[in-house]
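Peer 1: Before I ask anything, here is the structure I am working with.
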Amino acid sequence: MSWTNIWVHVVFATKYRKAILHKDIRGQVFRHIKWNAEQKGIYILIVNGFEDHCHILLRLSREMTLAKTVMLIKGESAYWINKNLCKTKDFRWQDDYWACSVDPKNMDGLIRYIANQEAHHQKKSLEKEIEILFPKEHSF
């Protein structure tokens, strides 16, 4: 049997980076993303974010591509948010996403970073973070 251990840090934003993931619903959204992913055989170690984006640390399945994994997560979660939390029914994720492989031996700092998104973004906006972390040719 084939075996893989490919960890990926995935980041995606709300459409137009609207600050729609308010504190009162963020926890529900991120818990649902993790729960629903598990139902589809997608292992998420941690999911968190801020008002306009989501970070996920996941283990890529040997049976699914990254694109398919992200599509399943974003598509179903947008549907669920519209059905359960969004009165206007117009919630959407941005089409693009950013992903990077992660060394399983060096995940502790990333886990802390993802877990502390709210405090992190009190000091730095997503736009500023993108400028610092991602070169222009790789920004999303």
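The values are calculated or read from the model by the stated rules, or taken from the named source; none is laboratory data. This is a predicted model, so every value here is computed, not measured. All Cβ positions, even for glycine, are placed from backbone atoms using ideal geometry, and neighbour counts span all protein chains on display.
Peer 1: Can you go through Leu21, Leu45 and tell me which one is of a type outside the set (D, E, K, R), within 13 Å of the chain's Cα centre (by Cα) and surrounded by fewer than 18 Cβ atoms within 10 Å (Cβ to Cβ)?
Peer 2: Within the list Leu21, Leu45, the selection yields Leu45.
Peer 1: State all residues of the range 50-79 that are at pLDDT 95 or above, surrounded by 18 or more Cβ atoms within 10 Å (Cβ to Cβ) and not aliphatic (A, V, I, L, M); if no residue qualifies, say none.
Peer 2: Cys54, His55, Thr69, Lys74, Ser77
Peer 1: Another question, then. Among the numbered criteria (1) in contact with an Asp or Glu (Cβ under 9 Å, 6 or more places away or on another chain); (2) at pLDDT 90 or above; (3) not in a helix (DSSP H, G or I), which single criterion is violated by Phe140?
Peer 2: Failing condition for Phe140: (2).
Peer 1: Okay, moving on. Taking the stated definitions as given, is Leu58 closer than 22 Å to Gln117 by Cα, in contact with a helix residue (DSSP H, G or I) (Cβ under 9 Å, 6 or more places away or on another chain) and not charged (D, E, K, R)?
Peer 2: Spelling it out, Leu58 is indeed closer than 22 Å to Gln117 by Cα, in contact with a helix residue (DSSP H, G or I) (Cβ under 9 Å, 6 or more places away or on another chain) and not charged (D, E, K, R).
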